[in-house]
Amino acid sequence: MADKENKGIEIIENADALKKEFFKYEGLLEKNSKILTYLGGAIIALVALYFGYKYYTDSQEKEAQVALYDAVFSFEADSLNQALKGKGGNEGLLSLADNYSGTKAGKLASLYAGIALMKQAKYAEAIERLDKFSSDDQVLQGRAYILIGDCYMETKKVEDAINYYEKASNYKPNKFSTPGYMMKWANALTESKKTKEAVEVYSDLINKYPTGTETLLAKKYKSRLETEIGE
């Protein structure tokens with residue numbers, strides 16, 4: 001370590017040594033000039049690509065948001081077919097979800113489309129759309145899981161419903177929506193004859209959310225199930 005430090009001091013203090021190091025570095029630059037040129041060009045290309053992509057995604061997001069407005073208006077007016085398929089040159093939720101799948105508005109269109117299809121009792125199609133929705137939003141993602149679970153319950157696929165109710169219950173738990181999700185989960189477990197597991201979910205709900213509006217019902221159903229299994 002000391003030898004390295006002494007060499008460094010010698011280079012700084014000795015003009016000939018400093019000149020030698022400079023020409024060594026200059027030779028290295030000349031030797032690798034092509035590599036450095038290619039590297040610089042690659043960096044410029046990456047920067048241009050990044051800003052080009054950002055501009056494209058931003059413009060796509062704005063287009064999708066504008067188009068989504070009319071579709072949601074039709075949805076809220078309960079004109080479900082119009083909301084799904086569009087009318088008068090306005091895109092519907094289905095095409096919006098497909099054409100702008102990489103945008104937040106496009107993903108939201110998938111959620112709306114799934115709900116609209118549920119209202120039309122097209123549960124398989126609704127599941128497909130709802131499953132494409134993804135968000136880190138505390139409310140919307142959990143809600144999407146619950147809706148998929150509801151679709152499976154409607155089609156008597158209780159085990160699949162249980163999986164999605166469990167997902168919803170474990171996704172960013174909170175006192176506002178999680179107790180209701182857990183009630184659906186426990187109910188599906190009960191229907192599937194998984195009584196002990198249902199009791200565990202009710203117990204968990206009661207312990208974690210003692211002041212929730214669902215807690216009284218959870219206590220009632222838990223007590224009933226415990227009587228059935230002799231506990």
Seminar exercise, completed: Restricting attention to segment 162-185, the residues that are hydrophobic (A, V, I, L, M, F, W, C), modelled with pLDDT of 95 or more and over 18 Å from Ser134 (Cα atoms) number exactly 4
Seminar exercise, completed: The correct count of residues that are surrounded by fewer than 17 Cβ atoms within 10 Å (Cβ to Cβ) and of a type in the set (Ser, Thr, Tyr) in segment 72-89 is 1
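For Gly212, state whether it is more than 26 Å from the chain's Cα centre (by Cα), surrounded by 14 or more Cβ atoms within 10 Å (Cβ to Cβ) and not in a helix (DSSP H, G or I). Step through it out loud before you land on a result.
Details: more than 26 Å from the chain's Cα centre (by Cα): yes; surrounded by 14 or more Cβ atoms within 10 Å (Cβ to Cβ): yes; not in a helix (DSSP H, G or I): yes.
For Gly212, the condition - more than 26 Å from the chain's Cα centre (by Cα), surrounded by 14 or more Cβ atoms within 10 Å (Cβ to Cβ) and not in a helix (DSSP H, G or I) - is met.
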For this session: Tell me which residues, restricted to segment 167-181, are in a helix (DSSP H, G or I) and touching a Phe, Trp or Tyr at 6+ places or on another chain (Cβ under 8 Å).
Result: Lys167, Ala168, Ser169, Thr178, Pro179, Tyr181
Exercise. If you go through segment 90-144 one residue at a time, how many are open to solvent by 80 Å² or more (accessible area, probe 1.4 Å) and either touching a strand residue (DSSP E or B) at 6+ places or on another chain (Cβ under 6 Å) or of a type in the set (Ser, Thr, Tyr) (or both)?
Worked result: 0
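One residue is enough: does segment 215-222 have a residue meeting the conditions open to solvent by 20 Å² or more (accessible area, probe 1.4 Å), assigned to a helix (DSSP H, G or I) and β-branched (Val, Ile, Thr)? Break it down stepwise before answering.
Initial filter on segment 215-222 (open to solvent by 20 Å² or more (accessible area, probe 1.4 Å)): 216-217, 219-222.
Among the residues that remain, those that are also assigned to a helix (DSSP H, G or I) are: 216-217, 219-222.
In the following step, the residues that additionally are β-branched (Val, Ile, Thr) were identified as none.
There is no residue in segment 215-222 that is open to solvent by 20 Å² or more (accessible area, probe 1.4 Å), assigned to a helix (DSSP H, G or I) and β-branched (Val, Ile, Thr).
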Problem set entry | Within segment 195-214, tally of residues that are over 24 Å from Glu159 (Cα atoms) and hydroxyl-bearing (Ser, Thr, Tyr) | 3
For this session: Please give the number of the condition Lys85 fails out of (1) closer than 30 Å to Glu191 by Cα; (2) in contact with a Leu (Cβ under 8 Å, 6 or more places away or on another chain).
Result: (1)
For this session: Among the numbered conditions (1) out of contact with any Gly (no Cβ under 7 Å at 6 or more places or on another chain); (2) in a helix (DSSP H, G or I); (3) farther than 22 Å from Phe176 by Cα, tell me where Gln141 comes up short.
Result: (3)
Problem set entry | Lone unmet requirement of (1) open to solvent by less than 60 Å² (accessible area, probe 1.4 Å); (2) in a loop (DSSP other than H, G, I, E, B) for Ile148 | (2)
Exercise. What pairs come up if the first residue lies in segment 109-124 and is touching a residue at least 24 places away in the same chain (Cβ under 8 Å) and of a type in the set (Phe, Trp, Tyr), the second is open to solvent by less than 50 Å² (accessible area, probe 1.4 Å) and assigned to a loop (DSSP other than H, G, I, E, B), and their beta carbons are under 7 Å apart, counting only those six or more places apart or on different chains?
Worked result: none
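Among Ala113, Ala124, which is the only one that is in contact with a Ser or Thr (Cβ under 8 Å, 6 or more places away or on another chain) and at pLDDT 90 or above?
Values: Ala113 fails: in contact with a Ser or Thr (Cβ under 8 Å, 6 or more places away or on another chain).
Among Ala113, Ala124, only Ala124 is in contact with a Ser or Thr (Cβ under 8 Å, 6 or more places away or on another chain) and at pLDDT 90 or above.
The values are calculated or read from the model by the stated rules, or taken from the named source; none is laboratory data. None of these values were measured; they are calculated from a predicted model. When we count neighbours, we look across all protein chains shown, and the Cβ atoms used for this are built from the backbone with ideal geometry, even at glycine. With ligands, DNA and RNA removed, areas are computed over all heavy atoms of the protein, side chains included. Shrake-Rupley method; radii C 1.70, N 1.55, O 1.52, S 1.80 Å.
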